[in-house]
Amino acid sequence: MEYSFDHVRLNPSEQIGRHQQSSYELSHIITGCGTRTIGSKSEPFESGEVILVPPRTPHEWRFGTDVVDSDGNIENFSFHFHPSLLENISRLFPELEESFSNLLNISEALRYKGEQRERIIDLLYKIGKASGVDRVCLIISLMDNISKSTDATTVGSVCRIGTAESRMEKIRIYVSCNHARKIRLGDIAAHIGMNKSAFCAFFRQQTGTTFIIWLNAFRIQRAQELLSSGKMTVSDVAAAVGFDSPAHFTRTFHALVGMPPSEYSSTSECGQTMPKRSLPHIGMTLSLSR
């Protein structure tokens, strides 16, 4: 599941211990106090705090018994959402790409303060009471709000930057969120903390191909998805996946797929599928014929 929302009341002794997960965790402590540990950093916490913990970050809240409700319980909201949810929503609503890209790039746990904290708490309460389309809209608004860390402080270090796997994941997320725009080698290299020469050598070592070739293949995969829907023209699809001209798009599409985009669109409408191949080390499966 790409997201979950929990409103929890339990005895302080029943609170889960140190753990981590592949999703983001946004927690609001309604009632309770104690010691919070995120990564290697421990700090006291109290009722009212709102914390965002990025994926794969060890963390725990150790509650005391001094602040509990009339039943002796602590209480909190917990909202979990997977990075793929942000990527999928960005694909459907390009207007959200910038803010969701900012959220995907958060690499430290954050504690929200002031008016931003109040907005987040208000949205969490509304999400808890809503259902259907109303809940979906509120969740999108919540994620847009937490992407703006203008009134937040760092409360834990999380990233294991420097490994090939983490760099490739960061590249994949960047491209997924920005493929509709012009992506320069200098931009993507700087994003993962490398110069252009080092980035090109690293990318070829990891994938066996160049970044530009891989980027074009990624864009053509997205184009296949849009063409299969039958709702967009070839020119519109070309612009939507980041090609500077329909002619360039058509040439690249034909070279990778083996047919022009107009023919592919017709083929898809007839229910035919294309052979698949995978890009190494990134986990992207491209529906490209050879």
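Key figures
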item: Selected from Ile74, Ile192, Ile16 as most flexible by GNM, with the chain as the system and alpha-carbon contacts under 10 Å; result: Ile16
item: The chain, accessible surface, carbon-and-sulfur percent (1.4 angstrom probe); result: 49
item: Calculated SAXS-style log₁₀ I(q)/I(0) at q = 0.11 Å⁻¹ - the chain, Debye, Cα scatterers; result: -0.75
item: Packing-based ranking, highest mean first, of 82-93, 28-39 given that Cβ atoms within 10 Å are counted; result: 28-39, 82-93
item: Cα-based Lys pair tally, the chain, threshold under 18 Å, eight or more apart or on separate chains; result: 4
item: Net dipole in debye of the chain [+1 Lys, Arg Cβ; -1 Asp, Glu Cβ; about Cα centre; nearest 20]; result: 1360
item: Integer Hz, Karplus 6.51/-1.76/1.60 couplings in order for the range 221-236, x for Gly and Pro; result: 4, 4, 4, 4, 4, 5, 5, 5, 6, x, 9, 10, 6, 4, 4, 5
item: Positive-pole candidate from Met168, Ala152, His179, dipole of the range 85-191, charges at beta carbon; result: Met168
item: Rounded to the nearest 10 Å², the accessible area of Ser13 at probe 1.4 Å; result: 100
item: Convex hull (Cα only) mean projected area of the range 101-191, reported in nm² to one decimal; result: 7.6
item: Highest-fluctuation residue, Met143, Met168, Met259 considered, GNM on the chain with Cα pairs under 10 Å; result: Met259
item: Label-point gap, in nm, between Phe93 and Arg184 - each point 7 angstrom along Cα→Cβ; result: 3.1
item: Built amide H within the under 5 Å cut-off of Val155, gap 5+; result: Ala109, Leu110, Arg111
item: Accessible area (Å², per residue) of the chain, counting only protein heavy atoms and a probe of 1.4 Å; result: 49
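The values are calculated or read from the model by the stated rules, or taken from the named source; none is laboratory data. Since the model is a prediction, treat every value here as computed from it, not as a measurement. Neighbour counts run over all protein chains shown; Cβ positions are idealised from the backbone, glycine included. Each accessible area value is taken on the protein alone, full model and side chains, heavy atoms only, with ligands, DNA and RNA left out. Shrake-Rupley method; radii C 1.70, N 1.55, O 1.52, S 1.80 Å.
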